[in-house]
Structure formats: C-alpha cells, structure tokens
Amino acid sequence: MSGREHHYEITMRWTGNTGEGTANYRAYGRDHDLLAAGKPVIQASADPAFRGQPERWNPEELLVASLADCHMLTYLSLCARERLVVTAYEDTATGTMGEDGHGGRFTEVTLAPVVTIADPEKADRALALHHDASKDCFIANSVNFPVHHRPTIHIG
C-alpha cells in the first residue's frame, strides 16, 4: 500500500471480574470499557446472546455503526465537493452474523440512509453518490463481506 498511513490507538479494559476471574464460563462478566485519549469512555459488553449486558454497546453493533458512520462521512464529503446540499441524513443499518459452531462471522451489512437534499434537480446525483461513497469508504474497504446500500432521497 502506498500513500499516507494513519495509526489509531484505543485501550480496552475488562471490568467484568466478579471476584473469581474466569474460573468458569458463567463466573465472569463481559463488561469492558473502550478508551481513547481525550474522548468519552464507551461502555461495552458482549451481545446478550453471549452473556453480555443489553444496555451496553457490543462489538457487533460497533462494527455495523462503523460502517454506517464511515459511509455517511464519505458521502457528505462527496456531496460537499459537488456542492450538493444535504440538509439531513439518517441511517438505520442492519448486520447479519452467522455462527458455525467454531465461531462466527458477518455475512452482510445493509445501510439504509435516508438523505434530504435541498435541490430536487440533484436527486439522481445524490442517489448515485452512494455508489461512489461505498467505493471510497475506508471501513467498507476493510471488511470481507458485502455492504449493501438502500438509500432514499427526500427533497426538503
């Protein structure tokens, strides 16, 4: 890979020791904190299906969120470069993960952004830019499963 290189550092701290450590599978909590310098702590856990806390973010949700977030940021950048004014953006993204008895893996993520733009004459271009954003998104380019896009464009 040529070009610029970027480095990211986080600290993950397990907070689920209930006094017995990992003495057995049911003896410990899956709670942990994600920390990065100068940022709020993200309280995370495992998915409830894996004995995690439902009120905390889990790694699977964070992966889907990262894909949706990266796509939005890339899309907004492309729109700004083309002077296509976006006034609202919301995405309800979904991910599917399958287990095979030896672990699991994501099989797909679907992004469903609802984008409001100012100029009705640019609706087709606004829709097309989702394709460009999907090609340019750093996170989508880093996963080994399909990331589908089902965008909706509104004028407002």
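How do THR11, THR110 line up, fewest other C-beta atoms within 10 Å first?
THR11, THR110
In segment 80-141, what GluC sites (Glu not before Pro) fall in a loop by DSSP, with at most 15 other Cβ atoms inside 10 Å? Before the final figure, lay out the partial values.
Details: sites: GLU82, GLU90, GLU99, GLU108, GLU121; in loops: GLU82.
Those satisfying the criteria are GLU82.
Treating each Cα of the chain as an identical point scatterer and ignoring solvent, apply the Debye formula and state log10 I(q)/I(0) at q = 0.10, 0.15, 0.17, 0.19 Å⁻¹.
These q points yield log10 I(q)/I(0) values of -0.49, -0.94, -1.08, -1.20.
Need the C-alpha centroid separation for segment 94-108 versus segment 41-88, integer Å.
Comparing the Cα centres of segment 94-108 and segment 41-88, I get a distance of 18 Å.
Amide H neighbours of ASP91 under 5 Å, counting only residues 5+ apart in sequence or on other chains, H built in-plane at 1.01 Å?
Those qualifying (amide H under 5 Å, at least 5 residues apart or on another chain) are VAL114.
Provide the per-residue ³J(HN,Hα) series for segment 48-60, in order, calculated from phi with Karplus coefficients 6.51, -1.76, 1.60 and θ = phi - 60°, each as a whole number of Hz, with x at glycine and proline positions.
So the Karplus estimates, Gly and Pro as x, are x, 5, 10, 6, x, 8, x, 7, 10, 5, 10, x, 5 Hz.
Counting DSSP beta bridges in the chain, what percent are antiparallel, to the nearest 5?
If I count the DSSP bridges inside the chain, around 70 percent turn out antiparallel.
Within 10 Å, at most 15 other Cβ atoms, and a DSSP state outside H, G, I, E, B define an exposed site. Report the longest part of the chain free of exposed trypsin sites (Lys or Arg not before Pro). Spell out each step's value before the answer.
Working: sites that count: ARG4, ARG26, ARG51, ARG83.
Longest site-free region, per DSSP loop and neighbour criteria: 84-156.
What Kirkwood hydrodynamic radius, in Å, does segment 11-50 give when the mean of 1/r is taken over all pairs of distinct Cα atoms and then inverted?
11.0 Å is the Kirkwood radius here.
Here, each number is a calculation from the coordinates, and none is a lab measurement. Not measured: the values here are computed from a predicted model. Using ideal geometry, Cβ is built from the backbone for each residue, glycine included, and neighbour counts are taken over all protein chains shown.
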